[in-house]
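Novice: Take a look at the following structure, please.
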Amino acid sequence: MVNDIVSAINGVLWGNTISLPGIGGVPILIPMLVFAGFWFSAKLGFLQFRHFGHMFSVMKGSTKGGENGISSFQALCTSLSARVGTGNLAGVAVAISLGGAGSVFWMWMIALLGMATGFAESVLGQLYKVKDDNGEFRGGPAYYIQQGLNKRWLAIAFSLCLFLGYGFIFSAVQANTITDALNNAYGIPTFYSGLVIILVAGAIVVGGLKRIASFAEYIVPFMAVSYVVIALTITLLNIQHVPAVLWDIISSAFGLQEAGAGALGAAIKNGIQRGLYSNEAGSGSVPHAAAGATPNPNHPVSQGYVQMLGVFIDTMVLCTCTAVIILLAGGSQSDQMEGIRLTQSAMETHLGGMGADFVAAAISLFAFTSVVANYAYGESNLHMFKLDHKVGRTVYTTGYLAMILWGSSAALPEVWAMADMALGMMTVINITAIIMLTPTIVAISQHYFARRDAGEKPEYKNGDCEIQGETENGIW
């Protein structure tokens, strides 16, 4: 019965629900997220292009957090911890195997649109944040739905979906990915590697958001830089083949090759779908990290720029690295879905036997950072249910660690289905909410733009511009 319900919901969210000319059936979430990207790009004057350089400059002096929050740099690393995972290594491979090289181009396009959506939701996350019983900042879609739209029932619905997905199921899935990779590469029993995961993860998450952010601050830059260096090295060693790879991406993206319209549809559909899955723009996950930050400058919009940068790093940098590695190794569209094995095979082509070891290490580290960040997202919503106290956190942490241990050895097709359902429902609720809150997003963004254009340091406090609903007293 439960499986039937989950399957029916996923059929609407992720099935070929809508038919588009030249593309065929697509999940309802794809046109919804594409619309949101165009909507916020237009409403905000395509700021992801106009303010591209400013997006990086906001990060200056962003390594110091306030007493009650984490730094903007830590917030960026925390969000990247959750974003950067199996989607960057396996998801890109799936897109190429199903949609060909052209899917990479459409992955880039949806990321550029998604930067505006990520900006919008992160501004709201920072604006409508609250303080929990420990005096730390919490926020996310449930908070801006309740405070901005005064719809507690919708806020509760989002929180329940997030608890189901990020609080429990996603971590089980990531743990399964780690243990399976280690078992395949080195023969380590999944139960024992699962025990190690919960011991290490438990030691980190019991320290709350600040310890999680501190962990992410050191691990994520190392992880990302190492991967980029390997990809650049492979690219330079094969520099003579790069022009052909770029032409393959562009020509496949617009159906200029012999396969024609069918290949074009596959490229668009898979590029958009895997790009959205990887960078998470619009799903409502990233605003939790954005809300925890003490921004510099002291304005909600500054966190919009920070998390917009996160979308850029995830897709335009890290996913591109994987795509280049695969395409330079001769990877192409096939008759079956290929994931991490395609990436592993490509890396072995470039690096020999050590390529398999590198992929096993990378997927383990990428997935583990997601496990830790997922805990923070779930914990942020304890405040919604008045459970942000010692007993509430203990129960939540125990369930979270138990799911990791179970997931490390489980066969997860049904759990993946539940995870897809939770993520899909989160996204539908969040996109609906942020579009309804567009007047607030535009008003507070224009307040920031005006101060910046006047050469002033943007600062914000309650009453500076008209917003929907009310923020919690004492925050701004």
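Novice: Select the helices (runs of 4 or more DSSP H) contained entirely in the stretch 365-476, then report the ones holding at least 3 residues which are over 26 Å from residue 165 (Cβ atoms).
Specialist: Passing ranges, in order: 438-453.
Novice: Same structure, new question: What are the residues in the stretch 92-136 that are part of a helix (DSSP H, G or I) and surrounded by fewer than 24 Cβ atoms within 10 Å (Cβ to Cβ), if any?
Specialist: Within the stretch 92-136, 94, 97, 98, 105, 108, 109, 112 qualify.
Novice: Would you confirm whether any residue within the stretch 363-382 is of a type outside the set (Lys, Arg), surrounded by fewer than 21 Cβ atoms within 10 Å (Cβ to Cβ), within 24 Å of residue 407 (Cα to Cα) and modelled with pLDDT under 85?
Specialist: Keep residues of the stretch 363-382 that are of a type outside the set (Lys, Arg), which gives 363-382.
Going one step further and asking which of them are surrounded by fewer than 21 Cβ atoms within 10 Å (Cβ to Cβ), we end up with 364-365.
Checking the rest, the ones that are also within 24 Å of residue 407 (Cα to Cα) come to 364-365.
Cutting the leftovers down to modelled with pLDDT under 85 gives us 364-365.
Yes, the stretch 363-382 has at least one match.
Novice: Taking only the stretch 196-206 into account, find how many residues are in contact (Cβ under 8 Å) with a residue 12 or more places away in the chain and either more than 17 Å from residue 171 (Cβ to Cβ) or open to solvent by 60 Å² or more (accessible area, probe 1.4 Å) (or both).
Specialist: Residues in the stretch 196-206 being in contact (Cβ under 8 Å) with a residue 12 or more places away in the chain and either more than 17 Å from residue 171 (Cβ to Cβ) or open to solvent by 60 Å² or more (accessible area, probe 1.4 Å) (or both): 2 in total.
Novice: Taking residue 405 as the residue in question, decide whether it is out of contact with any Gly (no Cβ under 9 Å at 6 or more places or on another chain), modelled with pLDDT of 80 or more and open to solvent by 10 Å² or more (accessible area, probe 1.4 Å). Reasoning before the result, please.
Specialist: Numbers: out of contact with any Gly (no Cβ under 9 Å at 6 or more places or on another chain): no; modelled with pLDDT of 80 or more: yes; open to solvent by 10 Å² or more (accessible area, probe 1.4 Å): yes.
The answer is no for residue 405.
Novice: Would you confirm whether any residue within the stretch 124-134 is over 19 Å from the mean Cα position of the chain (by Cα) and farther than 18 Å from residue 379 by Cβ?
Specialist: The answer is yes; a qualifying residue exists.
Novice: Have a look at 281, 224, 289, 266 and point out the one that is among the hydrophobic types (A, V, I, L, M, F, W, C), open to solvent by less than 40 Å² (accessible area, probe 1.4 Å) and not in a helix (DSSP H, G or I).
Specialist: After applying the criteria, what remains is 281.
Novice: Tally the residues that are touching a Phe, Trp or Tyr at 6+ places or on another chain (Cβ under 6 Å) and either open to solvent by 30 Å² or more (accessible area, probe 1.4 Å) or of a type in the set (Asp, Glu) (or both), restricting the search to the stretch 138-181.
Specialist: Looking only at that region, the number is 1.
Novice: May I ask you to say which residue of 176, 184 is of a type outside the set (Phe, Trp, Tyr), farther than 26 Å from residue 283 by Cα and touching a residue at least 12 places away in the same chain (Cβ under 8 Å)?
Specialist: The unique qualifying residue is 184.
Novice: Let me ask you something else. Among 234, 249, 212, which is the only one that is modelled with pLDDT of 80 or more, closer than 30 Å to residue 73 by Cα and either among the charged types (D, E, K, R) or part of a helix (DSSP H, G or I) (or both)?
Specialist: Unique residue meeting the criteria: 234.
Novice: So, one more: Check 244, 216 and return the single one that is under 20 Å from the mean Cα position of the chain (by Cα) and among the aliphatic types (A, V, I, L, M). Walk me through it before giving the result.
Specialist: Details: 244 fails: under 20 Å from the mean Cα position of the chain (by Cα).
Selected residue: 216, the only one of 244, 216 that is under 20 Å from the mean Cα position of the chain (by Cα) and among the aliphatic types (A, V, I, L, M).
Novice: Filter the stretch 121-155 down to the residues that are hydrophobic (A, V, I, L, M, F, W, C) and within 21 Å of residue 390 (Cα to Cα) and list them by number.
Specialist: Within the stretch 121-155, the subset hydrophobic (A, V, I, L, M, F, W, C) is 123-124, 127, 130, 137, 142, 145, 149, 153-155.
Within the stretch 121-155, 130, 137 qualify.
Novice: Go through (1) touching a helix residue (DSSP H, G or I) at 6+ places or on another chain (Cβ under 7 Å); (2) open to solvent by 10 Å² or more (accessible area, probe 1.4 Å) one by one and return the number of the condition residue 231 breaks.
Specialist: (2)
The values are calculated or read from the model by the stated rules, or taken from the named source; none is laboratory data. Keep in mind that this is a model prediction, so the values were computed, not measured. Don't worry about glycine lacking a Cβ; one is built from the backbone with ideal geometry, like all the others, and counts go over all protein chains shown. What goes into the accessible areas is simple: the full protein's heavy atoms, side chains included, and nothing from ligands, DNA or RNA. Shrake-Rupley method; radii C 1.70, N 1.55, O 1.52, S 1.80 Å.
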